[in-house]
Amino acid sequence: MASSEVDTKFLGQFAKNIQLDHPLLAQNLFQILGNLTMLSKMVVKARKLRRLDTTRDTKSVELYTRIIWYAKEGLKILEQYVLPLVAGFGELKVLVYKLRASYYHLYVLFHNTPAITLRTPKISTPPGLTSPRCKEKGGPVGGPPGLSLPPDITGSFLIPALDYRPFATQCFEDASILADCQLWGSHPLRLSVKVEYTAFIYDCLDEASRSRELAQKTINEVNNAEEGMDDDMFEDAAELVSILGKMMKRGLGTGTSAGTSTVGASGSDEGTLRGRGGDLERTPRLHGDTLPPMHNPI
């Protein structure tokens, strides 16, 4: 999903903590939270439909359009009413930049030109059997002879039909650089950025080796982190590290189980986090840094 439970948890906490001092920003954050809550259910359903058959025209067309509409509205609020107001925050700024990348990630998954084909098993017809989806005599026809079918313009009335991978890649890079500068190695928000960036590289850029390297590098950085965490943050970080451990083995074949634990380069188990303990501030912290300009093709 474009936004993990960690993202929504922090987003709600930030909005609650700043609503007295920054009511307008808090209101927009709550709107983003509602937008992501609606999107999460639709994205899970849509990805399951894609696993069935990515070639046939199904009810998922309407679902994809709804996803793009919600993503467009959420991105509009984020870029116009939230990003300009978070320049002085630390954790919140990282989260906002990560969510911007997540919205573009949805554009790539469900409205990219050319379309993205996920690395999932496809339905195949056993030898000797006729596919129930094959064209038979007397069945539905696509149009008169010599007249080609119209191009797929689903959702094009909402956003242009473009290749959004460069935009999404730049947004993930911006969020990743900011997270590395503002947060320590095992911070859940930093790990959330790395988890989705790793998935984006694997699914959308088709660079399995680079995706595994990023997952391994992030796990090593977590194992080397010495900062303390409270129990809640530790649990969030442990869950994200577990996901990274599985991503580290994607595309390697059946010889390696995705659910087993491996030892990273630092010599620590990938599911083990160090530096637990210590009280940390959960409200946004002020920082005065600058970032590259926003990227919005719309």
Could you pull out the pairs from Lys217/Lys249; Lys48/Lys76; Lys217/Lys246; Lys194/Lys249; Lys41/Lys98; Lys194/Lys246 whose alpha carbons sit more than 22 Å apart here? Lys48/Lys76
For Phe89, distant residues with modelled amide H under 5 Å away: His287
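Here, each number is a calculation from the coordinates, and none is a lab measurement. Treat the numbers as computed from the prediction; the structure is a model and nothing was measured.
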